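Student: Pasting in a structure now, in structure tokens, and then I'll have a few things to ask.
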Amino acid sequence: MDLTFSDQEIEFRDELRGWLDANRPGEEPRGDQDAAFEFRKQWQRSLFEGGWAAVHWPQEYGGRDASLMQSAIFFEEMGKADAPLPANALGLILAGPTIMAWGTEEQKERFLLPILSAEEIWCQGFSEPEAGSDLAAVKTKAVRDGDDWVVTGQKVWTSAAQYSKWCMLVVRTDPDAAKHKGLSYFLMDMEQDAVQVRPLVQITGEAEFNELFIEEARVPKENVLGGEGDGWNVALTTLMNERSGLGFFLQTRLRLLLDRLVEDAKANGRIEDPVVAEALGEMHVRTETLRFLAYRGLSIIEQHGQPGPEGSLTKWLWSETNQMLTQLAVSVCGPAALTEGEAWAHDLLRSRGNTIEGGTTEILKNIVAERVLGLPRK
Amino acid sequence: MRFDFTEDQHEIKRTAKDLLASRSTLEKVREAAEAGEYDAALWKELGELGWPGVAIDEAHGGGGLGYVELAGLLEESGYALLNGPFLATALCAAAISEAGSDGQKDEWLGRLASGEATGAFGLVGQVVPDGASADVVVVADRESGEARLLTGQGSLEGLDSIDPTRRYGIVEGGLPDGEPMPGDVAAAIDLGCVLTSAELVGVCGRALDMTVEYVKDRKQFGRPVGSFQAVQHRCAQMLLSTEGARASTYFAAWAADADRDRLPEAASLAKSAASKAGIEVTASAIQAHGGIGFTWEADVHWFYKRAQLDAAFLGSSAEHNRRLTALVSP
């Protein structure tokens, strides 16, 4: 057991801190979504120029070959600096690594650099109205027409679609094959009339997500990732990357939120109430436990080459804790916290999505029960 | 960073698990609980193996390893519900190491390390594991930061608690008469929290394993009850609580060895997480076992009872939560 960083890890962290000191991200504009996106795009360009856009990518593609631990440090430091997520987060975290794993040389050559530089933004077209947790149920279909595929269907929960040049699209290319087997994974150009993006206004009043209506969009056969019919396996690569490293970013954000709540409780005197002090302490335990679980999960992957149970548990614990913490903030700060435009009001509402997006808590519990504890499926 | 045991530490833990699986079975735990006596032969053997002294320094006859190794052993003794005064003796040794005078260390640490003497440790006004039967007892007062060392069996009143797998004593009133202790009493209490948390992690681990085994096997409506989602989600929650308590406890054990500045926070994080997990996981184990889990015949209740006593010992989850808030917001 050694919970100190190695010399290389400290060197990596200090270099990053030095860069962050010289390149502060500044304040993200609130209330204007387009301006906020542009701000995050500028931030990614700045990261790109400093060589920090995707530390976990291999050097040959512009990354730093960062270890899992360095990647965790990167996200922790970004969280602590209150940096925004880069505009092309989905490209950097999901599309890039999936293309590296499955792409042809031409595809890697074509797509990776513009992902890194934020020149081309990516979105993820997996979920559909009838295929949420059950990805293998996608209905969006593609039929072959000469050298192209012609795609028709609907996608939902597509964040950043309105800003995206490309979409990671899971479609059904063989309607007769068994559920998982008839799928393919396309890299679809969003800039065509056949693709319509409609913002999906969420309970916060913002529209982070969109619906995609696809009516005979064309995807050239060079833009199939993996082979025809490999869509399920390619999509699993994307999903396995979904929770990597990012958890550390979310954990540090959670800790900043807790620190803010403690400050609020000190300012209004509620911290003197033992019930409030106890509830704040419980949030402290959950937040630090999350960090320990995340680090322990990484160590176990590094030692044994495969993940232990921790990986499935961190997203679950984070999302529940974020909901509990924002609810506690309302109770500590009183009805004023529920005023439109208040940060706590926004965070409270936004947190309801946490236990749904990226795998509902119910699905995560199923995964833990079946794959970690080995309980029988029915 | 390596947030996991080294190979040597894993080996110590594995060996302990194997030994206890054969020498401290639940049948033995039950016999000892119902007879009101510990297994003296097993205690002698553990003493020869150096368990009670694993974290005591070599100059005082200990193994000179650390609290990480001791926590690993305590996790296994919790898993087995070991019928012997291992936790209490380890707590007492840690308290004397931190808070004792040179003379107290010379007099007691070697005998505790070998298992020749047994010890206990607790707070004023509270229940003390193995307090009535120990040869030496340390009683501490968190408020004043003082502690007293009491010698001779029977220096504390005995107490029949709901957990008959362990002998308990009680400290009534204020600080009892005894030898004053000049050292760091707060650190002694924090170490006690870490070590008790390690036992609780083992208790949770066993309650979870027993439950998973049971729900895979038990059939109702023609299928294993473990295939029902309601039962699965309960078991998943048990795992989350157990792993959270485990990660916090390992962090605290490491801090005890390597980063004392963080020990107060780490000890409270661990004790809060482990106390809450202990109560919830063992209660869930009873529920998932159905009617059989409520009978004296089934063994799950021993774990529930131990968890209740350990959770209350040295501060409940709620008390440590308040302490954490006070630590970040003085």
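Student: Bin all alpha-carbon pair distances of chain A at 20 Å intervals from 0 and give each bin's fraction as a whole percent.
Tutor: Calculated P(r), rounded to whole percents: 26, 59, 15, 0.
Student: Could you pull out every residue, at least 5 positions away or on a different chain, whose amide H is within less than 5 Å of the one on residue A:216? Hs are placed 1.01 Å off N in the peptide plane, and Pro or chain starts have none.
Tutor: A:151, A:152, A:153
Student: Still on this model: About the Cα centre of region A:25-184, how large is the charge dipole given +1 on each Lys and Arg Cβ and -1 on each Asp and Glu Cβ? Please answer in debye to the nearest 20.
Tutor: 340 debye
Student: Along the charge dipole of region A:122-230, pointing to its positive end and built from +1/-1 on Cβ of Lys, Arg, Asp and Glu, which listed residue (A:143, A:197, A:177) has its Cα farthest out?
Tutor: A:177
Student: Now a separate question. For region B:108-209, what's the relative contact order in percent, using C-alpha pairs closer than 8 Å and at least 6 residues apart?
Tutor: Relative contact order for region B:108-209 comes out at 24 percent.
Student: Anything over 28 Å Cα to Cα? Flag those among B:13/B:305; B:17/B:271; A:315/A:378; A:155/A:221; A:181/A:365; A:41/A:141, in the order listed.
Tutor: Violating the 28 Å Cα-Cα cut-off are A:41/A:141.
Student: Grab the alpha carbons of region A:7-87, take their convex hull, and tell me the volume per residue in Å³.
Tutor: For region A:7-87, the hull spanned by Cα atoms encloses 85 Å³ per residue.
Student: Summarise the partner chain shielding of B:244-251 as one whole number: the mean count of Cβ atoms from other chains within 10 Å of each residue's Cβ.
Tutor: Per residue, the average neighbour count from other chains is 6.
Student: Work out the FRET efficiency for residue B:35 and residue A:106 from their Cβ-Cβ distance, taking R0 = 51 Å, and round it to the nearest 0.05.
Tutor: After rounding to 0.05, the efficiency reads 0.10.
Student: Still on this structure: Report, ordered by chain and residue number, the aspartates and glutamates lying within cross-link reach of residue B:216, taken as a straight Cα distance under 19 Å and ignoring same-chain residues fewer than 8 apart.
Tutor: Answer for residue B:216, where 19 Å is the Cα cut-off: A:370, B:299, listed by chain and number.
Student: Tell me, what HN-Hα J-couplings in whole Hz come from the Karplus equation 6.51 cos²θ - 1.76 cosθ + 1.60 at θ = phi - 60° for each residue of region A:31-47, using x for Gly and Pro?
Tutor: Whole-Hz 3J(HN,Hα) from phi for region A:31-47: x, 10, 5, 5, 5, 5, 5, 4, 4, 5, 6, 4, 4, 5, 4, 5, 4.
Student: Let me ask another. Could you give me the ³J(HN,Hα) list for region B:24-29, computed from phi with Karplus coefficients 6.51, -1.76, 1.60 and θ = phi - 60°, whole Hz, x at Gly and Pro?
Tutor: Calculated HN-Hα couplings, in order: 10, 5, 5, 4, 5, 4 Hz.
Student: I've got another one for you. How much of the calculated P(r) for region A:122-230 lies past 18 Å, in percent of all Cα pairs?
Tutor: Tail fraction, whole percent: 44.
Student: So for the pair residue B:57, residue A:133, with labels modelled 7 Å out along Cα→Cβ, what separation do we get in nm?
Tutor: It works out to 5.6 nm between the two label points.
Student: What are the ³J(HN,Hα) values, in whole Hz, obtained from phi via the Karplus relation 6.51 cos²θ - 1.76 cosθ + 1.60 with θ = phi - 60°, for each residue of region A:324-333 in sequence order, with x given for Gly and Pro?
Tutor: Running phi through 6.51 cos²θ - 1.76 cosθ + 1.60 with θ = phi - 60° gives 5, 5, 5, 5, 4, 4, 5, 5, 6, 8 Hz.
Student: Which of the listed residues, B:182, B:220, B:121, is farthest toward the dipole's positive end in chain B, when Lys, Arg count +1 and Asp, Glu count -1 at the beta-carbon?
Tutor: After comparing all options, I get B:220.
Student: For B:222-235, what's the mean count of beta carbons from other chains sitting within 10 Å of each residue's beta carbon?
Tutor: 4
Student: How large is the dipole of region B:36-195 about the Cα centre if only Lys and Arg carry +1 and Asp and Glu carry -1, each at its Cβ, rounded to the nearest 20 debye?
Tutor: 140 debye
Student: Oh, and also: Can you give the FRET efficiency for residue A:360 and residue B:116, using 1/(1 + (r/R0)^6), R0 = 45 Å, r = Cβ-Cβ distance, to the nearest 0.05?
Tutor: E between residue A:360 and residue B:116, to the nearest 0.05, is 0.20.
Student: Could you pull the Cα extents of region B:186-328 along its three principal axes, largest to smallest, in whole Å?
Tutor: In descending order, the Cα extents are 56, 26, 24 Å.
Student: Using only the Cα atoms, work out Rg/Rh for the protein assembly as shown, with Rh taken as the Kirkwood radius, to two decimals.
Tutor: In the protein assembly as shown, Rg relative to Rh is 1.02.
Student: Report the relative contact order of chain B, percent, no decimals, based on alpha-carbon pairs under 8 angstrom and at least 6 residues apart.
Tutor: Value for chain B: 16 percent.
Student: Give me, ordered by chain and number, the residues 5 or more places off residue B:128 or on other chains with an amide H under 5 Å from its own placed amide H.
Tutor: Those qualifying (amide H under 5 Å, at least 5 residues apart or on another chain) are B:169, B:170, B:171.
Student: Which aspartates and glutamates, on any chain, are close to residue A:179 with Cα under 18 Å apart, when same-chain ones fewer than 8 places away are left out?
Tutor: Within the straight-line limit of under 18 Å, residue A:179 reaches these aspartates and glutamates: A:128, A:130, A:134, A:228, A:230.
Student: While we're here: Would you pull out the residues with amide H under 5 Å of residue A:209's amide H, same chain only if 5 or more places away, H placed 1.01 Å from N?
Tutor: Result for residue A:209 returns A:200.
Student: For the protein assembly as shown, what is the mean residue ellipticity at 222 nm derived from helices alone (per DSSP H run of n ≥ 4: -39500 (n - 2.57); sum divided by total residues; nearest 500 deg cm²/dmol)?
Tutor: One gets -17000 deg cm²/dmol as the mean residue ellipticity at 222 nm.
Student: Only four residue types carry charge here, +1 at the Cβ of Lys and Arg and -1 at the Cβ of Asp and Glu. Report the dipole size of the protein assembly as shown about the Cα centre in Debye, rounded to the nearest 20.
Tutor: 1900 debye
Student: Enter the mean number of other protein chain beta carbons within 10 Å of the beta carbon of each residue in A:307-315, as an integer.
Tutor: Neighbouring Cβ atoms belonging to other protein chains average 3 per residue here.
Student: Further question: Within chain A, what percent of beta bridges assigned by DSSP are antiparallel, to the nearest 5?
Tutor: Beta bridges within chain A, antiparallel portion: roughly 85 percent.
Read-outs throughout are calculated quantities, based only on the coordinates presented, and are distinct from any laboratory measurement. Remember, it's a predicted structure, so these values are computed and weren't measured experimentally. For neighbour counting, all protein chains shown are included, and Cβ atoms are generated from backbone atoms with ideal geometry for every residue, glycine included.
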